[in-house]
Amino acid sequence: MLYLLDTANLDEIKKAFDLYPMSGVTTNPTIISRENKSFIKILKNIRETIGQDKMLHVQVISTHAQEIVKEAEYLNKTIGGNLYIKIPVIPEGIKAIKILKLKGIKVTATAVFTAQQALIAAVSGAEFVAPYVNRIDSISGNGAGVVSQIVTLFKNYNLNCKVLAASFKNVQQVQDVSLCGAHSVTVNPAIMGDLLSHPLTDKSVTQFISDWESVYGTGKVTYDVK
Ligand code: E4P
């Protein structure tokens, strides 16, 4: 499982990358807009913070293939490192994915709501596809079910494309797609924390410390005592 952070907030990125086994950062135009700062500065700061090797996924705005390709080449040159260009799975987006594949620029197909959209993007050369789990669940669909279908199709056709499940609102949705075999998830900072959080874990740790300190003294750790 690869864990990515779905935010452009530098403080949140620093915190999560310090604590957790993060593989990268994903953004979209909405996430970037929330920061309300210079677009390129935000991305350069993220790249500087996470280093050249971690994945950074950045979305284009254009809806025509040639313009999408132009944006992708610009972003690739300007931001650099292990960059993935996010392209929505509209027909012109698929055309752009085919062109970018030939140019060696890595693509994450995004705004995926069906298994067939994912399959076409993968056949066109996308490295990742991003199904929007919560947005599917929100309209009485089955987000994890769509992820499961995509995983099966990629296996059936021996496609070297990974599922980057996205758009989560709770831990259960992340658990469901993990069981379905999603290769990676992108979650917001709050959900990243929630994945580890359990009141019984906290209670157990408090009890362990209290029992220990009652015998070995307050503030002592293993190397302080005989
Ligand atoms: C990935 O980056 C997606 O754009 C993102 O997870 C969508 O999340 P949302 O449905 O919470 O906006």
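Within segment 49-64, can you find the residues that are within 13 Å of the ligand (Cβ to nearest atom) and of a type in the set (A, V, I, L, M, F, W, C)? Listed by number, the residues that qualify are M55, L56, V58, V60.
With respect to I209, determine if the residue is modelled with pLDDT of 95 or more, surrounded by 15 or more Cβ atoms within 10 Å (Cβ to Cβ), over 20 Å from the mean Cα position of the chain (by Cα) and hydrophobic (A, V, I, L, M, F, W, C). Step through it out loud before you land on a result.
Values: modelled with pLDDT of 95 or more: yes; surrounded by 15 or more Cβ atoms within 10 Å (Cβ to Cβ): no; over 20 Å from the mean Cα position of the chain (by Cα): yes; hydrophobic (A, V, I, L, M, F, W, C): yes.
For I209, the condition - modelled with pLDDT of 95 or more, surrounded by 15 or more Cβ atoms within 10 Å (Cβ to Cβ), over 20 Å from the mean Cα position of the chain (by Cα) and hydrophobic (A, V, I, L, M, F, W, C) - is not met.
A Cβ distance below 6 Å, combined with a sequence gap of six or more or placement on separate chains, defines the contacts here; from segment 151-169, residues that are within 16 Å of F113 (Cβ to Cβ) and within 12 Å of the ligand (Cβ to nearest atom) reach residues that are among the hydrophobic types (A, V, I, L, M, F, W, C) and in a loop (DSSP other than H, G, I, E, B) in the pairs A165/A182.
Annotation note: Cβ proximity below 8 Å between a residue of segment 104-120 that is within 18 Å of L75 (Cβ to Cβ) and a residue that is outside any strand (DSSP E or B) and of a type in the set (K, R) (sequence gap 6+ or interchain) occurs for V107/K101. Residue check: is I97 within 18 Å of the chain's Cα centre (by Cα), part of a helix (DSSP H, G or I), under 21 Å from A165 (Cβ atoms) and of a type in the set (A, V, I, L, M)? No, not satisfied. The residue pairs whose first member lies in segment 133-145 and is under 15 Å from V171 (Cα atoms), whose second member is more than 10 Å from the ligand (Cβ to nearest atom) and basic (K, R), and whose beta carbons are closer than 9 Å, counting only pairs six or more residues apart or on different chains, do not exist in this structure.
For segment 127-136, taking the residues that are surrounded by fewer than 21 Cβ atoms within 10 Å (Cβ to Cβ) and farther than 18 Å from K162 by Cβ, the one that is farthest from the chain's Cα centre (by Cα) is identified as R135.
Okay, residues lined up against (1) surrounded by 15 or more Cβ atoms within 10 Å (Cβ to Cβ); (2) within 21 Å of P29 (Cα to Cα); (3) within 15 Å of the ligand (Cβ to nearest atom):
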{"position": "E92", "(1), (2), (3)": "yes, yes, no"}
{"position": "L100", "(1), (2), (3)": "yes, yes, no"}
{"position": "T110", "(1), (2), (3)": "yes, yes, yes"}
{"position": "T114", "(1), (2), (3)": "yes, no, no"}
{"position": "I120", "(1), (2), (3)": "yes, no, no"}
{"position": "G125", "(1), (2), (3)": "yes, no, no"}
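All conditions but one from (1) of a type in the set (G, A, S); (2) more than 16 Å from the ligand (Cβ to nearest atom); (3) part of a loop (DSSP other than H, G, I, E, B) apply to A72; the one that does not is (3). Among the residues of segment 1-32, those identified as more than 11 Å from the ligand (Cβ to nearest atom), outside any strand (DSSP E or B) and either surrounded by 12 or more Cβ atoms within 10 Å (Cβ to Cβ) or in contact (Cβ under 8 Å) with a residue 60 or more places away in the chain (or both) are M1, N9, L10, E12, I13, K14, K15, A16, F17, Y20.
The values are calculated or read from the model by the stated rules, or taken from the named source; none is laboratory data. The structure presented is a predicted model; accordingly, all values stated were derived computationally and were not measured. Note that each Cβ is placed from the backbone with ideal geometry, even for glycine, and that neighbours are counted across all protein chains shown.
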